[in-house]
Amino acid sequence: MKLTCLALLASFTLISSCSILPKSEPFDLYRLPSVQSSASASHVTPQRWSLRLNKPQASEALNSPNIAVIPQGDVISSYKGSRWSDPAPVLLRNRLLDGFQRDGRVTLLSTDDSNFQADMEMGGSLQAFQTEYQGSSTSVVVRLDALLVRGYDQRILASKRFEVRQPLSDVQVPAVVAGFGQASDQLTAQVVNWAVEQGQKLAPPARP
């Protein structure tokens, strides 16, 4: 009888402890939108050098699926109940890959998810991927310090900072996400043009 009571007491304790476990809050999962057309350029001459796209380095605050926002001063927060489908460095790397594919001038492309070697590699540091409030104005800010390096010895060949600020008239999360898409599209176009220009000058000569 005593053992039975102890067993019942243990079972009630387990049930009560399970009932007070915190429940995970539901959230909306967002991909990075794009307003670019799906057609790739067909009138360009493809380059003969290959390019590997690496995920840019980022701070802990940006290297996560949280949608970052700076509401005031130096406070970094995130939108409650909303997440990116991937961490920000992955989102931007994939957007750059898509931008090169659409552009059509560099066709020999790979990413750091594979072990393929390439003539040149592009990476760098993602310094900003957030919404910023400044007085009465709000903007999405995307800032990338891009590096172009030689594939076989990792020598830095070129570097440049890119920054896009996309003003927001609506600060609801869907409109903010759309602003991130617009800012990323603008930055991607700038990075692609710069990388192709640098590659044309710096890439090693193609082998016969």
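Structure data summary
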{"quantity": "Index of the failed condition, Val75 passing every other in (1) in a loop (DSSP other than H, G, I, E, B); (2) closer than 20 Å to Gln200 by Cα; (3) aliphatic (A, V, I, L, M)", "calculated": "(2)"}
{"quantity": "Test: residue in segment 178-186 that is over 15 Å from the mean Cα position of the chain (by Cα) and modelled with pLDDT of 95 or more", "calculated": "no"}
{"quantity": "Selection from segment 82-110 of residues that are open to solvent by less than 20 Å² (accessible area, probe 1.4 Å) and either in a strand (DSSP E or B) or of a type in the set (Gly, Ala, Ser) (or both)", "calculated": "Ser82, Trp84, Ala88, Gly99, Gly104, Ser110"}
{"quantity": "Residue ID - nearest to Ala68 (Cα to Cα), chosen from residues in segment 123-161 that are under 13 Å from the mean Cα position of the chain (by Cα) and hydrophobic (A, V, I, L, M, F, W, C)", "calculated": "Phe129"}
{"quantity": "Condition met for Ser59 (surrounded by fewer than 18 Cβ atoms within 10 Å (Cβ to Cβ), without any contact (Cβ under 8 Å) to a residue 12 or more places away in the chain and either in contact with a strand residue (DSSP E or B) (Cβ under 6 Å, 6 or more places away or on another chain) or farther than 19 Å from Gln182 by Cα (or both))", "calculated": "yes"}
{"quantity": "Condition check for Val149: surrounded by 17 or more Cβ atoms within 10 Å (Cβ to Cβ), assigned to a helix (DSSP H, G or I) and aliphatic (A, V, I, L, M)", "calculated": "no"}
{"quantity": "Test for Gln190: is it outside any loop (DSSP other than H, G, I, E, B), open to solvent by 70 Å² or more (accessible area, probe 1.4 Å), in contact with a strand residue (DSSP E or B) (Cβ under 6 Å, 6 or more places away or on another chain) and within 20 Å of Ser82 (Cα to Cα)", "calculated": "no"}
{"quantity": "Residue that is within 20 Å of Val44 (Cα to Cα) and of a type in the set (S, T, N, Q), where the choices are Thr131, Thr188, Thr111", "calculated": "Thr188"}
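Here's the yes/no breakdown for (1) surrounded by fewer than 12 Cβ atoms within 10 Å (Cβ to Cβ); (2) closer than 26 Å to Ser110 by Cβ; (3) at pLDDT 55 or above:
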position: Thr13; (1), (2), (3): yes, no, no
position: Leu21; (1), (2), (3): yes, no, yes
position: Tyr30; (1), (2), (3): no, no, yes
position: Ser34; (1), (2), (3): no, yes, yes
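The values are calculated or read from the model by the stated rules, or taken from the named source; none is laboratory data. Worth saying up front: this structure is predicted, and the values here are computed from it rather than measured. Cβ atoms come from the backbone with ideal geometry, glycine included; neighbour counts cover every protein chain shown. Side chains are part of the model used for accessible areas, which takes the heavy atoms of the whole protein and leaves out ligands, DNA and RNA. Shrake-Rupley method; radii C 1.70, N 1.55, O 1.52, S 1.80 Å.
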